[in-house]
Amino acid sequence: MKTISLRSGIITMIIILIVSTIVRIFGPVVCDSIVQKGFAMDIVAPYYGHISFGIRVINSLGHIVLGILMAQIDRNHTLSIWGGRLMAIGGVISLVYAIIVFISLNTSIFLASAPVRATFNIIENVLWWSALIMIACYYNKNDFIRFAIIYVVIGLIINGHYVWSLLTQENYNP
């Protein structure tokens, strides 16, 4: 039963990843085309922010549930337990960050400054990457371990650039 739940959770997370990638890639393009048709950016931008917030919350909750399932799949193996715990902790931190950004965007209180965004990004990604490596080592499949290493290296490059752009360039919204 736990394996079926874990498999369903992984499939759900892959679907959520695909949907969030589509929204992140095409959302700004759609917003720009709507603005060019005569709508004000002040009207369009909050809708995109709410959609992004919803996807971020669902993604965070998915990581929490998947982490808990992974931690319970094999109570005798340390890599399974700690990989699941790190994934769940990363989901909680991501959920807190999503709430901070949502409050920041919808009020005049600016809580999500560049150092705060960079710090949350680093903490989230280190936890998720550590969890992914631990889970890959738990399953001891060479293809999965190679995938995890490639994913972490690509993530380091992308998120390294994101953090660098946040901390070095003024008024830059990556």
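The values are calculated or read from the model by the stated rules, or taken from the named source; none is laboratory data. Keep in mind that what you see is a predicted model, and the values were worked out from it rather than measured. Note that each Cβ is placed from the backbone with ideal geometry, even for glycine, and that neighbours are counted across all protein chains shown. Note: areas computed on protein heavy atoms with side chains; ligands, DNA, RNA excluded. Shrake-Rupley method; radii C 1.70, N 1.55, O 1.52, S 1.80 Å.
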Positive end of the dipole of the range 1-79, charges at C-beta (+1 Lys, Arg; -1 Asp, Glu), about the Cα centre: which of A71, Q36, S52 has its Cα farthest in that direction? A71
Cβ charges +1 (Lys, Arg) and -1 (Asp, Glu), total dipole of the chain, debye: 460 debye
Taking a probe of 1.4 Å, how large is the accessible area per residue of the chain, in Å²? 63 Å²
For the range 27-131 the chymotrypsin sites (Phe, Trp or Tyr not before Pro) that pass both the DSSP coil test and the at-most-10 other-Cβ-within-10 Å test are F110
Taking the reciprocal of mean 1/r across every pair of different Cα atoms in the range 10-87, the Kirkwood radius in Å is 14.5 Å
Starting from one equal scatterer on each C-alpha and no solvent at all, send me the Debye-based log10 I(q)/I(0) for the chain at q = 0.10, 0.11 Å⁻¹, two decimals. -0.45, -0.54
Cα long-axis angle, helix 142-168 against the chain (0 to 90 degrees, to the nearest 10): 30 degrees
Looking at L166, L61, A112, which one has the Cα that reaches farthest to the positive end of the dipole of the range 33-174 (charges on Cβ: Lys, Arg +1; Asp, Glu -1)? L61
The range 54-153: trypsin sites (Lys or Arg not before Pro) in DSSP loop, at most 14 other beta carbons within 10 Å: R75, K141
Rounded to the nearest 0.05, what FRET efficiency is calculated for L156 and N106 with R0 set to 35 Å and r the Cβ-Cβ distance? 0.65
Roughly what angle does helix 41-73 make with the longest principal axis of the chain, taking Cα atoms, 0 to 90 degrees, to the nearest 10? 10 degrees
Given the options F102, Y139, W82, identify the residue whose Cα lies farthest towards the positive end of the charge dipole of the chain (+1 on Cβ of Lys, Arg; -1 on Cβ of Asp, Glu). Y139
Under a point spin-label approximation (7 Å from Cα along Cα-to-Cβ), what is the I25-I10 distance to one decimal in nm? 2.4 nm
Residue with peak Gaussian network fluctuation, the chain [Cα springs, cutoff 10 Å], from G90, G67, G155: G155
Could you calculate the FRET efficiency of M41 with W164 from 1/(1 + (r/R0)^6), where r is the beta carbon distance between them and R0 is 25 Å, rounded to 0.05? 0.40
On a 0 to 90° scale, report how tilted helix 114-139 is relative to the longest principal axis of the chain, with both axes built from alpha carbons and the result rounded to the nearest 10. 30 degrees
Per-residue ellipticity at 222 nm for the chain, helices alone: DSSP H runs ≥ 4 residues times -39500 (n - 2.57), over residue total, nearest 500 deg cm²/dmol? -31000 deg cm²/dmol
